[in-house]
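Q: Quick one: this structure, given as structure tokens, is what I'll be asking you about.
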Amino acid sequence: MATEGQTLEQQLDELLDQERFPPPEDFKANAVISDASIYERAEADFEGFWAEQAEMLDWDTKWDTVLDWSNPPFAKWFVGGKLNVSHNCLDRHVAAGRGDRVAYHWRGEEGEELDITYADLHRDVQKLANALKDVGVAKGDVVAIYLPMVPEVAVAMLACARIGAIHNVVFGGFSAESVKERIEFSEAKVLITVDGARRKGKTAPIKSNVDEVIGDLVDTIVVVRRADNDAPMKQGRDHWYHELLEAAADECPPEPMDAEDPLYILYTSGSTAKPKGILHTTGGYLTGVAYTHRAVFDLKPDEDVYWCAADVGWVTGHSYIIYGPLANGATSVMYEGAPDYPDKDIWWEIVERYKVSILYCAPTAIRACMKWGAEYPERHDLSSLRLLGTVGEPINPKAWLWYWKVIGGGNCPIVDTWWQTETGAIMITTLPGVLEAKPGSAGRPLPGIDAAVVNEQGEDVGTEQGYLTLTRPWPAMLRTLFKEDDRFVETYWDKFGRETYLVGDAARRDEDGYFWIIGRIDDVVNVSGHRLSTAEVESAIVSHPKVAEAAVIGQTDEDTGQAITAFVTLEGSLEGDDELVGAIREQVAGRIGKFARPKRIIWADDLPKTRSGKIMRRLLRDIAEGRELGDVTTLRDPDVMEQLEGKIRERDAEGTG
Ligand code: PRX
């Protein structure tokens, strides 16, 4: 046990020996779910279990069949049912007298504050929905959304849902070039964006960046005024958001949607350079996110203030800033800015200010806070917190313990939630009123979900490491890749038969049935919880005229989980220098976004390839991390590795590595 006079470091070191953290008794006594029998109940009748969760939504027409799995992997949930997502997120709360409840305490980067109630959202969503109709958006059309963390992003998503348009949100950190590409892939005709985005006291000229690449790809651009930076507006094509809202009619009845109608597309990175358009539909998705948001975060909508500190441009934001919380009538915090601006205590100031009771963020953020030191959270009263969550990457036990001790004061359960863009909702975690947590393990599949760890033949490997799979369909599962059914089947359902979902992660299951996620098995890198394809980054690097070839790997990084290291060969006899490092990093920022810039660039004369010409990234990972090289027998030219080792030694000696 911790004793007086111990440093925080010593206390955390001692806690490293504690493997299990049961929920505090008072937490358990008041938990939304505290009865472990929910697992058996869901197991005994998983369709019945999901139907029960779906009943908590408002349906215009009830479904005939809970699950149609007659044509795997193409699942249909709540077949024949009709509902509208924006009605479920707004109208039913307003009708029940909760219109005055705050949906979002919005906090701008310069300290601006705005409380947006359910009634406010309901009003603006109807107006924007009408405005979208006025510019020709109809049910089934795709609307691209490229916005920072401003309240209008929620309005835009819900306005699409209201009229049955499919939104395609692009994370604000992506470059205009990436937005253009995603607009092309999704065939969006309308873009909703912003004049400028604030970041750490600066303004990025978003609209003019978009204008540089967009051509006449879209018919309409709706522009939110945030920066007032004289953004260029093209007559006839571009409209100010606030002017459209002013002119639009007040009432827009929600369109009754089929349970299987698309709700949104969200592009995510895969093994190839072309991102995958994950398609989520209406009834199953909303059921999945509403249920998991309530159960995993132990949500008590009348009391809690919930804060998911992710960005709305990733799936975490879609499911747990927008749809889950709003479906449950929760009060959330939405924060526009960075965690270290104006100072490194801004998050904790926000927790104190809004009395946040549930905080959900990424391990990378926790590691950054840990590095900055406990003095920042200690400046603030964090006693309102009662539950903490993490998502996006494995959390190392040290960071877990720091979060538990320094942020949670040692009495908040932590839920480490494993899921993906594809799964739509949380799949593996510890129900906080039921299960104890083990630092570093995500926990067990939620009630209604089944997972297995298997070998190459699809056989259960007991407690060994293997492929993580999901062995049963679930309501929030992706339905396909937008316009790429074949790729959908090949990527996720070919390896172990059409009824087993291949996750793409390696994992291990322990004796208690707890899953320990090891990491990706494909060429996907996880930088600060941001998913990137090595092929995507390589293709951005080789688009630089001086580059001949590039190979990218994810290298273990103590801050960001993984960081990008690029091995680059140059054209002809060109020599690499610092200037070129900068130029290549800029090239990647322009093509993908700043978050994808390589941390390390290593000049190579040649790259290790198999005889058939495939780059052996495995060897590059070994060499970058200073490990003994694995099997080199398939290498076409064994000398390559020796040369590379020399380069790395040189670089490390220069101290620039
Ligand atoms: O490798 C796993 C990792 O993030 C991947 C999914 O990334 P994305 O689709 O961008 O969604 C992230 C947010 C849901 C997974 O295949 N991952 C996600 N959560 C965890 C995790 N790895 C370990 N522990 C987690 N809790």
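Q: Express the relative contact order of the stretch 85-255 as a whole percentage, based on alpha carbon pairs under 8 Å and six or more residues apart in sequence.
A: Computed over the stretch 85-255, the figure is 23 percent.
Q: Here is a further query. How large are Rg and Dmax for the stretch 85-255 when only the alpha carbon atoms are used, in Å?
A: In order Rg, Dmax, the Cα atoms of the stretch 85-255 give 15.5, 47 Å.
Q: Enumerate the aspartates and glutamates that residue 276 could reach by cross-link, defined here as Cα to Cα under 16 Å, with residues fewer than 8 away along the same chain left out.
A: Result set, ordered by chain and number: 181, 184, 187, 422, 484, 485, 486, 490, 522, 523, 536.
Q: Normalised by the number of residues in the stretch 527-654, what is the relative contact order in percent for Cα pairs under 8 Å and 6+ residues apart?
A: In percent, rounded to a whole number, it is 21.
Q: With the dipole of the chain worked out from charges on the C-beta (+1 for Lys and Arg, -1 for Asp and Glu) around the Cα centre, which of 451, 191, 492 lies farthest toward the positive end?
A: Of the candidates, 191 comes out farthest on the positive side.
Q: List the chymotrypsin sites (Phe, Trp or Tyr not before Pro) within the stretch 336-372 that DSSP assigns to loop and that have no more than 12 neighbouring Cβ atoms inside 10 Å.
A: Sites meeting the loop and neighbour criteria: none at all.
Q: Counting only heavy atoms of protein chains, what accessible area per residue, in Å², does the chain have with a probe of 1.4 Å?
A: 39
Q: Go through the stretch 15-71 and name the GluC sites (Glu not before Pro) that are in a DSSP coil and have 15 or fewer other Cβ atoms within 10 Å of their Cβ.
A: Sparse-neighbourhood loop GluC sites (Glu not before Pro): 19, 55.
Q: With +1 on each Lys and Arg Cβ and -1 on each Asp and Glu Cβ, how big is the dipole of the chain about its Cα centre, in debye rounded to the nearest 20?
A: 740
Q: Here's something else I'd like to know. Students often get this wrong, so check it: of 355/405; 495/614; 189/234; 189/274; 599/647; 202/300, which have C-alpha atoms separated by over 26 Å?
A: 202/300
Q: Okay, moving on. GluC sites (Glu not before Pro) within the stretch 552-618: which are DSSP loop residues with at most 11 other Cβ atoms inside 10 Å?
A: Here the GluC sites (Glu not before Pro) that fit, given the DSSP loop and packing criteria, are 558, 571, 575.
Q: Shifting gears a bit: Could you state the orientation-averaged shadow area of the convex hull built on the Cα atoms of the chain, in nm² to one decimal?
A: Averaged projected hull area, Cα only: 29.5 nm².
Q: Defining a contact as two alpha carbons under 8 Å apart and six or more residues distant in sequence, what relative contact order in percent does the stretch 18-166 show?
A: 16
Q: Antiparallel as a % of all DSSP beta bridges within the chain, to the nearest 5?
A: 60
Q: Determine the calculated [θ] at 222 nm for the chain from helices alone, applying -39500 (n - 2.57) to every DSSP H run no shorter than 4 residues and normalising by the residue count; nearest 500 deg cm²/dmol.
A: -8500 deg cm²/dmol
The values are calculated or read from the model by the stated rules, or taken from the named source; none is laboratory data. If you're wondering where the values come from, they're calculated on a predicted model, not measured in any experiment. FYI the Cβ positions are ideal-geometry reconstructions off the backbone, even for glycines, and counts take in every protein chain you see. Accessible surface areas use protein heavy atoms only, side chains included; no ligands, DNA or RNA. Shrake-Rupley method; radii C 1.70, N 1.55, O 1.52, S 1.80 Å.
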